[in-house]
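Sharing a structure here in structure tokens format.
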Amino acid sequence: MSEFFHQYFDFNYMGEHFWEVLEAFLQNLLIFAVVAVLALTWGLVLALLRQLPGRKFVPVRFLTIAYIDLFRAIPILIVILLISGGIPFLEFIPKDIRIPHWLGKPDPFWYGVAALMLVYGAFTAEVYRAGIEAVPGGQMEAARSLGMSHFAAMRHVIVPQAVTLIPAPMLNELISLLKDTTLVSVIAFSESVLISRELLAESFNSSALILTAFFFVVIILPMARVVDKMIARNQAKIARGSHIEVA
Amino acid sequence: MPEAMVQLKGIHKRFGSLEVLKGVDLEVDKGEVVCILGPSGSGKSTLLRCVNLLAPPEEGEIFLEGEDICKGPGSGTGEQSWNLDYVRQRVGMVFQQFNLFPHKTALENVTMAPEKVLGRSKQEARAKGTALLERVGLADKLNQYPERLSGGQQQRVAIARALAMEPHVMLFDEVTSALDPELVKEVLDTMRELAEEGMTMLVVTHEMGFAKEVGDQVVFMDGGVIVEQGAPEQVLDHPREERTQRFLGLVLER
């Protein structure tokens, strides 16, 4: 038993490597932050493309739906491996884009960011869609009857309401995005799981993995509580029901 | 002969295999108030939605101030074209469920379209919006959000919102049906004033008193066609058609 304990919960070992693992964990947070901004934007674009009305946009809608379905279906690990293994060899792409070293970050960082953005764009698009579809149809009708174009109606009427309906499911997506940043370790980017495994390899001690897990828990638990609060607040709103006759 | 503001000729509208309008002809003169009655499912609301092309008809012609609005780019596809947005800027609509924008204050509801569609300055739109809300008796509610307003107040904001686009025609789709009885009058009064000022109005309603008092023409629809139309006294008091008599009998029994 004590052997097991030492293998995973060697606090001295954790103390020795605390800063090293923390620094690697900050790389996870960095990937998370960059991808969150990109994926939330990309997802909104996808959701809006999917909502384009009329016959002439059938091809756009079809392609968008195909994209969303595909990237929700393919395991993220495969997307990461395909991008990091494929993009560098596409010689028609300029070298700075093919093998990016922007902002002092190595190319695996950017391959990871790209892969996670492509996948999470698809997931967040579905969350946006749920929000957009939850806005009553009369809102679009009213906006259009005032002479607003579909785009103006989306921008000023539908999307502002849709985003207030989806913070809880969106935060759930972000939680899973944060955890999935560890997948970038497979293409040799030095984030927390890669560092922990390197430590394991050299010392045969797994405590760094537990420490890494601890960091994730510390960040994610509060996020989960926020989701709970949001859901509770929404439910209270629904329970209050048709409270239109206030004045 | 006064100029026809809206002219509908042989309008057919289908939703899938369901034919909701089966050939409707209607002429509305400038400044005229036409009240449309009929049982639910008779096609009244769809007819209104044809006039501003929210539900473009599959067949027939619609003339707005002499212009055929079903022709031109994008017509019939049901989707965007300059034509549609241009049409809707001249045709205001008020809905049964108000459809106010809940994330905007009363004043912002009124100023949004003038700012975003007509490109009015914020200042200009606010001045006009304030005047319009004063006109519908809501000078003290400018900065309230819709959920803080009663149904009657919301509906009056919706009327002001439509008027802000300076429409030439107003469509009212059962605008008092979702209101508590004591709130109906304030909305009807607003509509009556609008009619007195010479607004051309198509009003789908179950308010017989309003139709009789304010309407210049009453149209009774059933089964996707106009069954009977004429002066209010004639249609409401001396209906010729058996279907009209039956409907009025049921409505007035209440």
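The values are calculated or read from the model by the stated rules, or taken from the named source; none is laboratory data. This is a predicted model, so every value here is computed, not measured. Because the Cβ atoms are built from the backbone with ideal geometry, glycine has one as well, and the counts that use them run over all protein chains shown.
Could you please tell me which pairs satisfy a Cβ distance under 7 Å, a separation of 6+ or placement on different chains, a first residue in the range B:86-102 that is on the phi > 0 side of the Ramachandran plot, and a second residue that is of a type in the set (S, T, N, Q)?
B:F98/B:Q154; B:F98/B:Q155; B:N99/A:Q139
I would also like to ask the following. Evaluate the following for B:V204: is it in contact with a strand residue (DSSP E or B) (Cβ under 9 Å, 6 or more places away or on another chain) and of a type in the set (V, I, T)?
yes
Another question, if that's okay. Going by the structure shown, is A:L165 under 21 Å from the mean Cα position of the chain (by Cα), touching a residue at least 12 places away in the same chain (Cβ under 8 Å) and surrounded by fewer than 21 Cβ atoms within 10 Å (Cβ to Cβ)?
yes
Using beta carbons and a limit of 9 Å, which pairs, at least six apart or on different chains, have the first residue in the range A:90-101 and within 18 Å of A:V113 (Cβ to Cβ) and the second one part of a loop (DSSP other than H, G, I, E, B) and among the aliphatic types (A, V, I, L, M)?
A:R98/A:L90
So which residues in the range B:56-80 are modelled with pLDDT under 85 and either within 14 Å of chain A (Cβ to nearest Cβ) or part of a strand (DSSP E or B) (or both), if there are any at all?
Within the range B:56-80, B:E67, B:D68, B:I69, B:P73, B:G74, B:S75, B:G76, B:T77, B:G78, B:E79, B:Q80 meet the criteria.
In the range A:183-230, how many are in contact (Cβ under 8 Å) with a residue 12 or more places away in the chain, farther than 29 Å from A:S2 by Cβ and part of a helix (DSSP H, G or I)?
12
Still on this model: Look at A:V45 and say whether it is part of a helix (DSSP H, G or I), of a type outside the set (D, E, K, R), over 14 Å from the mean Cα position of the chain (by Cα) and modelled with pLDDT of 95 or more.
Working: part of a helix (DSSP H, G or I): yes; of a type outside the set (D, E, K, R): yes; over 14 Å from the mean Cα position of the chain (by Cα): yes; modelled with pLDDT of 95 or more: yes.
So A:V45 fits the description; yes.
Counting only residues that are without any contact (Cβ under 8 Å) to a residue 24 or more places away in the chain and over 16 Å from A:A153 (Cβ atoms), how many does the range B:106-127 have?
8
Determine whether the range A:50-64 contains at least one residue that is away from chain B (no Cβ under 14 Å) and either surrounded by 20 or more Cβ atoms within 10 Å (Cβ to Cβ) or under 19 Å from the mean Cα position of the chain (by Cα) (or both). Outline the logic, then answer.
Taking the range A:50-64 and keeping what is away from chain B (no Cβ under 14 Å), we get A:50, A:59, A:62-64.
So of that shortlist, the ones also either surrounded by 20 or more Cβ atoms within 10 Å (Cβ to Cβ) or under 19 Å from the mean Cα position of the chain (by Cα) (or both) come out as A:50, A:64.
Within the range A:50-64 (the criterion being away from chain B (no Cβ under 14 Å) and either surrounded by 20 or more Cβ atoms within 10 Å (Cβ to Cβ) or under 19 Å from the mean Cα position of the chain (by Cα) (or both)), the answer is yes, since at least one residue qualifies.
Considering the range B:27-39 alone, what residues qualify as being assigned to a strand (DSSP E or B) and buried (at least 21 other Cβ atoms within 10 Å of the Cβ)?
Of everything in the range B:27-39, those that are assigned to a strand (DSSP E or B) and buried (at least 21 other Cβ atoms within 10 Å of the Cβ) turn out to be B:V28, B:V33, B:V34, B:C35, B:I36, B:L37.
Taking the condition more than 9 Å from chain A (Cβ to nearest Cβ) and either in a loop (DSSP other than H, G, I, E, B) or of a type in the set (F, W, Y) (or both), does B:N99 pass?
Working: more than 9 Å from chain A (Cβ to nearest Cβ): no; either in a loop (DSSP other than H, G, I, E, B) or of a type in the set (F, W, Y) (or both): yes.
Judged against the criteria, B:N99 is not a match.
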